Amino acid sequence: MTLQPVQSPDDAAAAFRAALDRFDPARRPLILGHFDADGLAAVAILARILDRAGRPADIRIMGKGENPWSPASRDGLLALDPGGLIVTDLGVQAGPILPGVPTVLIDHHVPQGVPDDAAVISGNGWLPEPTSSLLAFWCAGALGPCDDLLWLAALGLIGDMADEGFPELAEAQARYGKTALRDAVSLVNAPRRTASADATPALALLLKCDGAKDLLKGGHPETDLLHAAKAEVAAALEGARRVAPRIRGDVALIRFASACQIHPLIAQSWRGRLRDKIVLAANTGYRPGWVHFAARSATGTDLIDFLARHRPPGAGTEYGSGHAQATGGALRPQDWNDFATRIGFPEETVPQ
């Protein structure tokens, strides 16, 4: 692995340029990204700058329950026969995603392993910590002028609550409007939380709009789809917010069933009310055969370490990645039952 510690935008741009030099110019690169505002914004920045540079890329958004390191994902990606792989906001894990394909990972999460033969442009550990979209914006500078894409980097910063200490964000807010940027984040984030988890309309807007107000004003068919998605998520949240937490020691557990990805929102909302607890929101209805959960805390506890100390034997790559203060995972019923017992909630087991 080539680990590139990011200390400046120039560092990121140089590392990205070096990574692209390893790609096969005769075949289209492939961009993989997460389906939240930060991941989608990073993908849009990279796709737009590559297109301008005459190197148009294919795009694949990893959605509900998908992991690029899994064998199931690998088979589908190999069929695209990319000349290189750009992976953003999907974490850093051990092993290759596509063996033999030059790869660069642009990410800010806590690394979960050492990838094989991949360049890693990481913001993790740098204070303040740049999000994947800001890293992508810095990388884009290696290929040409990209100042007009600054609003996309701002969406990712706001979406991941990294809203202090970045001159790029202050500049974007002055240019595009603070309220407009925040409203755009809310819309862009909505589709991935729905039952279908289809972020395609959000990405389409990020690829063609000139700014947050353009995205919000209407006139784009995708905007109506995003508003419908937001309404679906709001209805799901209304029901889940009625569930009272169970508390054992330092841990509060809120368990519910919803096809929408609202467990992070529920965990975050209770974090402010249970400021001395580790808050876990567990969703048994998000994906058949799995229990998805989000962990948040206002105590300063390293949540990745907390999950590592209570890790059930069968947990896989879906467990315990992300940030020290915002993480979670997905467990099969047997492993969830083990985990629930380990943290003091044996009555919260689910049928296997």
Ordered by residue, what ³J(HN,Hα) values in Hz, to whole numbers, does region 133-150 give under the Karplus form 6.51 cos²θ - 1.76 cosθ + 1.60, where θ = phi - 60° and Gly and Pro are x? 5, 5, 4, 5, 5, 5, 4, 4, x, 6, 10, x, x, 9, 4, 6, 9, 4
If all Cα-Cα distances of region 236-314 are sorted into 10 Å bins from 0 onward, what percent lands in each bin, rounded to whole numbers? 20, 52, 27, 2
Under the Karplus relation 6.51 cos²θ - 1.76 cosθ + 1.60, θ = phi - 60°, what is the ordered set of whole-Hz ³J(HN,Hα) values for region 291-308, x standing for Gly and Pro? 10, 9, 9, 10, 10, 9, 7, 9, 7, x, 4, 6, 6, 5, 5, 4, 5, 4
So for the chain, taking the charge dipole from beta-carbon charges (+1 Lys/Arg, -1 Asp/Glu), which of Thr301, Ala197, Gly285 sits furthest toward the positive end? Gly285
Under 16 Å Cα to Cα from Lys217, which aspartates and glutamates show up? Leave out anything in the same chain fewer than 8 places away. Asp183
For region 140-244, what D do you get in µm² per second when you plug the Kirkwood radius from alpha-carbon pairs into Stokes-Einstein at 20 °C and 1.002 mPa s? 146
Straight-line reach from Lys213: which lysines fall under 27 Å, measuring Cα to Cα and dropping same-chain residues less than 8 apart? Lys178, Lys230
Write down the Kirkwood hydrodynamic radius of region 270-319, to one decimal in angstroms, obtained as one divided by the mean of 1/r over all alpha carbon pairs. 12.1
Centroid-to-centroid separation of region 83-142 and region 223-237 [C-alpha atoms, Å]: 31
Comparing Ser73, Ser297, Ser132 in a Gaussian network model of the chain (Cα, 10 Å), the one with the largest mean-square fluctuation is Ser73
Dipole magnitude of region 170-281 about its Cα centre (Cβ charges: Lys, Arg +1; Asp, Glu -1), debye to nearest 20: 600
Give me, ordered by chain and number, the residues 5 or more places off Thr103 or on other chains with an amide H under 5 Å from its own placed amide H. Leu85, Ala119
Rounded to whole Hz and in sequence order, give me ³J(HN,Hα) for region 34-39 from the Karplus expression 6.51 cos²θ - 1.76 cosθ + 1.60, θ = phi - 60°, writing x for Gly and Pro. 6, 9, 9, 4, 5, x
Taking 8 Å as the Cα distance limit and 6 or more residues as the minimum spacing, I'd like the relative contact order of the chain as a percentage. 13
To the nearest 500 deg cm²/dmol, what mean residue ellipticity at 222 nm is calculated for the chain from DSSP H runs of n ≥ 4 alone, each contributing -39,500 (n - 2.57), summed and divided by the residues? -11500 deg cm²/dmol
Given backbone amide H placed at 1.01 Å from N, residues whose amide H is under 5 Å from that of Val251, ignoring those fewer than 5 places away on the same chain, are Ile278
Please report the antiparallel percentage of the DSSP beta bridges confined to region 213-345, to the nearest 5. 75
If you put +1 on each Lys and Arg Cβ and -1 on each Asp and Glu Cβ, how big is the dipole of the chain around its Cα centre, in Debye rounded to 20? 960
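None of the figures in this text is laboratory data; all of them are computed from the coordinates on show. Quantities reported herein were computed from a predicted structural model and do not represent experimental measurements. Neighbour counts run over all protein chains shown; Cβ positions are idealised from the backbone, glycine included.
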